[in-house]
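Visitor: Let me give you the structure first, and then I'll get to my questions.
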Amino acid sequence: MEVIIRDTRDQAVSLAAAIIARALVKKPNLVLGLATGRTMESVYELLVAMYEDDGLDFSLARTFNLDEYVGLPPEDPNAYRFYMNKHLFHRVNIDLRNTHLPNGMAEDIEAECRHYEEEILDCNGIDLQVLGIGRTGHIGFNEPLSAMHSRTRAKALTPETVEQNAPLFTGGTPMPRRAITMGVGTILECRRCVLLATGREKAEVIAKAVEGPVTAMISATALQLHPNCTVIVDQEAGSLLQNTDYYRWIFENEPDWQQYH
Ligand code: F6R
């Protein structure tokens, strides 16, 4: 795992967007894993700007989102399909047929989850998975005690996650209490992971996720086992980390990061 601390939120978001853009330029048919939530909105804003201003090409990209609420149709403004269309897919030249989210309306949820895993395999796996982190330490919606080997499945959301996300719900739709999410095992199989966290409210969980012991109580700690994972934080989200001098030294000195300075 590498940890990169940027001074400001904007710098952290820019770095995450730059990593995605470079991966897409290098491999136009990139299989990109995506996340939703407040943090990602600014990343998608930058990717849209790169498409509009610099012609960043999404035409061959394939995407898989981490999760979707159970019981919300895609046209519900609170559904993650709606979010993705609004923030990214409808604003760049991606072929919507190449964009995948779990179907939260599936009658047979287990079959849907198996199908989702098969679709990922059919694309030869995910090249780059972008992740946020919840206050419970979830990645995707892998709430505490999600098995390290878990696969795509429906998970009950914790009261803390409901409290975190319910304010985002509009139109009187009650927030579902379950979501389909890629498993921790599914995420660990992605060839590269980039986790982005900003703001003081993420500081505790980032410190645990990066420097704490690996535990199923905090799913993000599983990323310590991933061979190619980058955690990008702003100063506030990184404010409770211990080894910050070392992380900063890596970013300044590791040749791979020179192109991002
Ligand atoms: C959503 C997802 C979640 C969020 C996390 C952080 O697709 O995967 O793990 O990334 O809940 O959400 P924000 O960015 O709203 O704090």
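The values are calculated or read from the model by the stated rules, or taken from the named source; none is laboratory data. What you see is a predicted model; the values in this text were computed from it and never measured. Cβ sites come from the backbone with ideal geometry, for glycine too, and all protein chains shown count toward neighbours. In case anyone asks, the SASA skips ligands and DNA or RNA and just uses the protein heavy atoms, side chains included. Shrake-Rupley method; radii C 1.70, N 1.55, O 1.52, S 1.80 Å.
Visitor: For Gln11, which of the numbered conditions (1) within 16 Å of the ligand (Cβ to nearest atom); (2) of a type outside the set (D, E, K, R); (3) part of a helix (DSSP H, G or I) fails to hold?
Guide: Failed condition: (1).
Visitor: Also: Only one of (1) in contact with a strand residue (DSSP E or B) (Cβ under 9 Å, 6 or more places away or on another chain); (2) over 27 Å from Thr186 (Cβ atoms); (3) free of Cβ contacts under 8 Å to residues at least 40 places away in the same chain; (4) open to solvent by 60 Å² or more (accessible area, probe 1.4 Å) is not met by Ser14, so which one is it?
Guide: (4)
Visitor: Open to solvent by less than 20 Å² (accessible area, probe 1.4 Å) and either in a loop (DSSP other than H, G, I, E, B) or away from the ligand (no atom under 12 Å from the Cβ) (or both): does that describe Glu143?
Guide: Yes.
Visitor: Follow-up. Say we look at the stretch 158-178 and pick out the residues that are among the small types (Gly, Ala, Ser) and more than 16 Å from Thr36 (Cα to Cα); which of these is farthest from the ligand (Cβ to nearest atom)?
Guide: Among those that are among the small types (Gly, Ala, Ser) and more than 16 Å from Thr36 (Cα to Cα), it is Gly172.
Visitor: Does any residue of the stretch 54-63 turn out to be at pLDDT 95 or above, within 16 Å of the ligand (Cβ to nearest atom), not charged (D, E, K, R) and not in a loop (DSSP other than H, G, I, E, B)? Reasoning before the result, please.
Guide: In the first step, residues of the stretch 54-63 are kept if they are at pLDDT 95 or above; the result is 54-63.
Pick out the ones that are also within 16 Å of the ligand (Cβ to nearest atom) and you get 63.
Still in the list and also not charged (D, E, K, R): 63.
Going one step further and asking which of them are not in a loop (DSSP other than H, G, I, E, B), we end up with 63.
The answer is yes, given that some residue of the stretch 54-63 is at pLDDT 95 or above, within 16 Å of the ligand (Cβ to nearest atom), not charged (D, E, K, R) and not in a loop (DSSP other than H, G, I, E, B).
Visitor: Additional query: Go through the stretch 206-261 and report how many residues are open to solvent by 10 Å² or more (accessible area, probe 1.4 Å), under 22 Å from Ser150 (Cα atoms) and part of a helix (DSSP H, G or I).
Guide: Residues meeting the conditions: 4.
Visitor: Every residue in the stretch 150-176 that is surrounded by fewer than 15 Cβ atoms within 10 Å (Cβ to Cβ) and touching a helix residue (DSSP H, G or I) at 6+ places or on another chain (Cβ under 8 Å), please.
Guide: Correct list: Leu168 only.
Visitor: Would you confirm, using the coordinates I've provided, whether Asp108 is surrounded by fewer than 17 Cβ atoms within 10 Å (Cβ to Cβ) and of a type in the set (Asp, Glu)?
Guide: yes
Visitor: Additional query: For the stretch 120-140, which residues satisfy the criterion of being within 12 Å of the ligand (Cβ to nearest atom) and of a type in the set (Gly, Ala, Ser)? It would help to see each step written out before you state the result.
Guide: First, the residues of the stretch 120-140 that are within 12 Å of the ligand (Cβ to nearest atom): 129-140.
Once the filter is applied, which keeps residues that are within 12 Å of the ligand (Cβ to nearest atom) and of a type in the set (Gly, Ala, Ser), the stretch 120-140 yields Gly132, Gly134, Gly137, Gly140.
Visitor: Of everything in the stretch 29-81, what is open to solvent by 10 Å² or more (accessible area, probe 1.4 Å), among the polar types (S, T, N, Q) and under 17 Å from Gln129 (Cβ atoms)? Give them in sequence order.
Guide: Within the stretch 29-81, Asn29, Thr36, Thr39 meet the criteria.
Visitor: Could you say which residue among Ile133, Ile180 is under 27 Å from Asn29 (Cα atoms) and assigned to a loop (DSSP other than H, G, I, E, B)?
Guide: Numbers: Ile180 fails: assigned to a loop (DSSP other than H, G, I, E, B).
On inspection, the qualifying residue turns out to be Ile133.
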